[in-house]
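Please read the structure below before turning to the comments.
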Amino acid sequence: MDARSLVLLEFAAVRDRLAELTAFGPSRRLAEALEPESDPVLVARALDETDQARALLRDRPGVGVGAAHDIGPAVERAVRGGRLEPGHFLEIAETLDATSRLATTLADERRPLLRDLGRELHPLPGLRSTLARSFDPVGELLDTASPRLGPLRGAVRIAYDRLRRRLDALVGSELGGALQEPIVTLRNGRYVVPVKSEARSRVKGIVHDASGSGQTLFVEPLVVVELGNAWREALAAEQEEIARILDELSSFVAANAETLRETLGALARFDFWAAKAQLASLMDGVRAETADRPVVTLLGARHPGLTGRVVPIDVRLGGDYTAMVVTGPNTGGKTVTLRTLGLLAVMHQAGLHVPADAGSRLPIFRDVFADIGDEQSIAQSLSTFSGHLRRIIRIVEAAGPGTLVLLDELGAGTDPTEGSALAQALLDHFIRAGALVAATTHYAELKAYAHTTERARNASVEFDLDTLSPTYRLTIGLPGGSQAFAIAERLGLPAPIVADARSRLSESQRAFEETLARIREAEGETSDRLEHARAAEARAAEALRHAEEERRRARRERDELVRSARAEAERLVTDLREQLADTQRRLERETVTAPAIEAALGRAETSLERLPDAPREAPSAVPAAPRTWRLGERARSRNGGWEGRIAALEEAGRRATLEAGGMRVSVPVEELEPALGFGGGDGRGGPAAGDGGAASNAAALQVSRARTVASSLDLRGARVDEALDALGHYLDDASMAGLDKVLVIHGHGTGALRDAVRTQAAEHPLVKQLRPGDRHEGGDGATIVTLG
């Protein structure tokens, strides 16, 4: 395509809008490099991409490349043997996660281009799991990245603790009078203390730095040099292991480089297709039909760069006529008509939907040429006319069959008589060459030329004389008038002057203008009726299309629901049969206890309840009236099943402590209901009955909790107050479930969470003892709690 014409038609602005809709770098580069194609096969393929992506986003609005990154540079660095940084690995992991989600979506895709694209997406589960095991969500290496890294980091912490304890002891007592401040700081990677210069002799050690005034020396005491050396050696060993891990992971990435490249390319193409689909939706565009001969039919076409209220235009060119001369007043929309025609043509050939109505048709042009705007150049000593003419000469040399030529103000900028003659000669040349040509002009001679030339047609942009403003509607078949006299009268130019101007027109010119006025009036009435008919036809077609789409969608949803329900029912029935067969086999070979039979029946009932069936109406629950509870009343927890005497009311009466059988549990007051058999009198039951019920209830609750309470609690990532609240509830539940020992995971971190957890657990009345975890139990990042 002619590069200068693409600039004049503002195709770059459409490309920029497309690029803004992409999600990451590779797809943005594809959008920025988009060019119109002249090969019908390539154009059809690009339009199919937009169609299928638009249909997918309509069915599944959330589909996309997610948090994919441009991992290309990192992959190439790994291929060259370079070491990748943790941030690179995090981006690769996030990109593979996005790949996995998109590949799953496209796995059962019916649309061929999307289905084929999905086969180029490789989630690489081996690499993903390795990276997940090696890095936390912010890109820090985990202790699990290698067998040696965890112990090495433990050695660093031990060496550091020894060093700091010794330094704190020195600062706190032994060197107190010799120090400027009782602090420990770092200089050149070594821990030092600030010693007064006059007390230098009292502190034996190595001077690493001095203050600007010379009053303070930063000294590493000799007594901690070996401890500092041990810490630095442990740090060096840790860094060496980290470097080895990063090198190993970089090699892993390099080994999968080709697959990663293919995956990145597929992600970029999908995001590019999705951006084309989004742009089409934003412009309310349609796929123009591709004409097999040079005929343009644009219905309701709108320039994509216009904002606000945009008046659509119908443009027809080709077939009976191959040249269109557009006339009308200034600012009436003549140039916009040319730009709309040219821009929509190149958008179509770039694989984009065009902002027009259904039924629009565009051929595949070999090239599109435009001469729009002022080509005046002071630097090159070119007038406006010379600038246009140089551009037109290049177009004349290249125009021919399969080309579209757009000429703005043809023949302007010189003597009107010569300019109109030159314009007619150029139009004749383009018609004979077989090109489609559209030109704007104010010359009356060109209106007559288009009226008398077989392969040419007049077109005009309308003007409202009442409001003195253009309507921007395009009418093909009628020339437009400049409306100079009418506008002058409406603006207040004295009538004698206007009449004098009219009298200076030749008789033929006056007759021509009067004839045009009568034709325009009759054509206006016909156009209005035709417009109403077209609008009604369009509404009917849209309603029919919408009804057909709804019918197809309802059928698809019904078929999908039937298939899903049938598959789910078959799976659940199979599971139920297996459970019944397993129970039968157990009955044949052993004595099955009542709890085992109850559990089997419970699983069967659960499976039956999950069978897809008409929903069963649940009995309407009558909400219990609010009640004020008192100490000593007997109550039952609806959620936990715990029953006992109210021993305490806390948090302004919002929580109650139930006591029975020597056990206590705290529950929200809104979960309480009166205990069965204790509703009379003052709400207090006899102690004997209460104790017996509590013991029975405690055993039942213990069995129930044992089924649901885990043997470990993971508090990593929680705030201290949240963690302590969860820990208290968990220890209560674990004790009621009959667990002897539980594992509380709090991680290493700064140690604040670990210390708070251990302090809280040590003070809990149900805890017998606690200790840090062994190496295989999580080390100092976990605490083993024994319940008594």
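The values are calculated or read from the model by the stated rules, or taken from the named source; none is laboratory data. Remember, it's a predicted structure, so these values are computed and weren't measured experimentally. We place every Cβ from the backbone using ideal geometry, glycine too, and count neighbours over all the protein chains shown. Surface accessibility is based on the protein's heavy atoms, side chains included, excluding ligands, DNA and RNA. Shrake-Rupley method; radii C 1.70, N 1.55, O 1.52, S 1.80 Å.
How much of the accessible area of the range 1-127, probe 1.4 Å, is carbon plus sulfur, in whole percent?
Values: 3120 of 6050 Å².
Result for the range 1-127: 52 percent of the exposed heavy-atom area is carbon or sulfur.
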With a 10 Å radius around each residue's Cβ, average the other Cβ atoms per peptide and rank 186-193, 349-356, 453-460, highest first. 349-356, 453-460, 186-193
First compute the accessible area of the range 726-776 with a 1.4 Å probe, then give the percent of it belonging to carbon and sulfur atoms. 50
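Summarise the accessible area of the range 176-264 (1.4 Å probe, protein heavy atoms) by the percent that is carbon and sulfur.
It is 51 percent, rounded to a whole number.
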Among 228-240, 765-777, 195-207, 554-566, how do they line up from the highest to the lowest mean number of other beta-carbon atoms within 10 Å? 228-240, 195-207, 765-777, 554-566
With the Cα gyration tensor of the range 524-577 giving a ≥ b ≥ c as the square roots of its eigenvalues, does the rule (a/c under 1.5 for rounded; else a/b larger than b/c for prolate; else oblate) give rounded, prolate or oblate? prolate
Go through 252-258, 18-24 and give me the packing order, highest mean Cβ count within 10 Å leading. 18-24, 252-258
Going Cα to Cα from LYS204, which lysines come in below 18 Å? Please leave out same-chain ones fewer than 8 positions away. LYS196
Which Cα, out of TYR160, THR185, LEU175, lies furthest along the positive dipole direction of the range 149-193 (beta carbon charges, K/R +1, D/E -1)? TYR160
Per residue, accessible area of the range 141-242 with a 1.4 Å probe, heavy atoms of protein chains only, in Å², comes to 53
Check the straight Cα-Cα distances from LYS768 and name the aspartates and glutamates below 12 Å, setting aside those fewer than 8 residues away within the same chain. ASP740
Binning every alpha carbon pair distance of the range 154-221 at 5 Å from zero, what are the percents per bin? 3, 19, 29, 25, 13, 7, 3, 1
Near LYS334, which lysines are there with a Cα under 25 Å away, not counting those fewer than 8 places off in the same chain? LYS447
Bin width 10 Å, alpha-carbon pairs only: give the P(r) of the range 21-69 as whole percents, running from 0 to the bin holding the largest distance. 22, 43, 32, 3
Once you order the gyration tensor axes a ≥ b ≥ c over the Cα atoms, which shape class does the range 196-242 get: rounded for a/c under 1.5, otherwise prolate or oblate by comparing a/b with b/c? oblate
Three-way shape call for the range 2-111 based on the alpha-carbon gyration tensor, with the a/c threshold at 1.5: oblate
What percentage of all Cα-Cα pairs in the range 263-339 are separated by more than 18 Å? 59
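With every protein chain kept in place and ligands, DNA and RNA left out, what is the accessible area per residue of the range 248-376? Probe 1.4 Å, answer in Å². Before the final figure, lay out the partial values.
Details: 4410 Å² over 129 residues.
Heavy-atom SASA per residue in the range 248-376 reads 34 Å².
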